[in-house]
Amino acid sequence: MSQTQTFHGYAALEAGEKLQKWDYEPATLGRLDIEIQVTHNGLCHTDIHMRDNDWNLSSFPLIAGHEVVGKITQIGVDVTSFQIGDRVGFGWIRNSCRNCEACLRGEENVCRQGYTGLIIGHHGGFTNRLRAPADFAYKIPDALDSASAAPLLCAGITVYTPLRTYLKHPGMKVGVIGIGGLGHLAIKFASSMGAEVTAFSTSIDKEDEAKEFGAHHFRHWNTPEDLKQASGTQDLVISTSPSAIDWDKAFNLLANNGVFCLVGLPVSTLNVPLLPLVFGQKVIAGSIVGGRRFMREMLDFAAINQIKPMIETMPLSDINAAIDKVAANKARYRIVLVSEN
């Protein structure tokens, strides 16, 4: 097969525009790259942010998609870790410096030089084929089907990393704010790690599902009595909300020595109540996806414990309808786009 060919994808030609069919010539397959035939894409809210250039990081035409699963069709001449036909996935990180202390620990998500994003300056998975460095591809365990594996490559690792970092022992009380694509996976992972999990949501109709995911308690965000019962009880709170929330309410959930970790990215300013923070020895933290060490560990943990997202599949050709559904907060809880190769 020739290394130079035309790839067929769905691109936003300008910021905020609907995606349309768009063909491009890929870069030559590098010595350390692989090419995959894409079969599945998880649709992440970040793809919408990138389409709309909300963070001034996008370049157009943009083919988004950073929860990508497919089968290897070509391998670079120096790639030894994969074979043609292997089922692999790519997540948010495309490459890193490989040499700093963080990278050497397998924490490429905090690379001192700054990692390269899969869809920042490059085309992502909303296409029939994708070329990227083999070192940031991950074998999908046999116990995970491809549709379930795709959202784990971003949503899964995004919540696994702070849980793995701050959940020190079974029995810790973990609160999850926002029961959506990220939050429902946070509940599943935290419960499987032995935490006592409380789900916090503005959607009272999500209580039964939250408990099916593994939550021991459900608190309605807009019911003062619910929040009062939870005040000062949580050792770790993970906020997955993509929108600004009442930060005072959120911080009040923390027990002394508790950690409040943000993984959602609302476009807002964080106002910190200083006295409770200091006198309660509380911590405010951020967490961004995860490095290769935790990614491999997370996929194995998910396979062993059968942690799978609740998904709805749609054909890749319906990508604009899928984006509209996610933007309207009507996805329960993750949409996976299936290629029609």
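The values are calculated or read from the model by the stated rules, or taken from the named source; none is laboratory data. Since this is a predicted model, take the numbers as computed values, not measurements. Don't worry about glycine lacking a Cβ; one is built from the backbone with ideal geometry, like all the others, and counts go over all protein chains shown.
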Original post:
Does Gln20 qualify as being farther than 22 Å from Leu153 by Cα and polar (S, T, N, Q)?
Top reply: yes
**OP:** Name the strands (runs of 3 or more DSSP E) wholly inside region 99-207 in which the number of residues that are of a type in the set (D, E, K, R) is 2 or more.
**Re:** 129-133
Original post:
Just one of Asn109, Asn128, Asn99 is within 17 Å of the chain's Cα centre (by Cα) and outside the structural domain of Gly264 (by TED's automatic domain parsing); which is it?
Top reply: Asn109
**OP:** For residues that are touching a Leu at 6+ places or on another chain (Cβ under 8 Å) and among the polar types (S, T, N, Q), scanning just region 228-259, find the one that is surrounded by the fewest Cβ atoms within 10 Å (Cβ to Cβ).
**Re:** Ser231
**OP:** Starting from residues that are of a type in the set (Gly, Ala, Ser) and more than 20 Å from the chain's Cα centre (by Cα), keep the ones in region 188-214 and report whichever is modelled with the lowest pLDDT.
**Re:** Ser203
Subject >> Selection within region 33-62 - buried (at least 22 other Cβ atoms within 10 Å of the Cβ) and either part of a loop (DSSP other than H, G, I, E, B) or at pLDDT below 95 (or both) >> reply: Cys44, Thr46
**OP:** Being of a type in the set (A, V, I, L, M, F, W, C), surrounded by fewer than 23 Cβ atoms within 10 Å (Cβ to Cβ) and within 19 Å of Gly124 (Cβ to Cβ) is the filter here, so list the residues in region 141-193 that pass it.
**Re:** Ala147
**OP:** Scan region 235-263 and report the pairs whose first residue is small (Gly, Ala, Ser) and whose second residue is surrounded by fewer than 21 Cβ atoms within 10 Å (Cβ to Cβ) and outside any strand (DSSP E or B), with Cβ atoms within less than 6 Å and a gap of 6+ or a chain change.
**Re:** Ser239/Gly264; Ser241/Gly264; Ser243/Pro266; Ala244/Pro266; Ala244/Ser268; Ala255/Gly232; Ala255/Thr233; Gly258/Lys282
Original post:
Applying the selection to region 66-81, what residues are crowded, with 18+ Cβ neighbours inside 10 Å and either at pLDDT below 95 or of a type in the set (A, V, I, L, M, F, W, C) (or both)?
Top reply: Val68, Val69, Ile72, Ile75, Val79
Original post:
Out of the residues in region 83-96 that are more than 16 Å from the chain's Cα centre (by Cα) and among the hydrophobic types (A, V, I, L, M, F, W, C), which is surrounded by the most Cβ atoms within 10 Å (Cβ to Cβ)?
Top reply: Val88
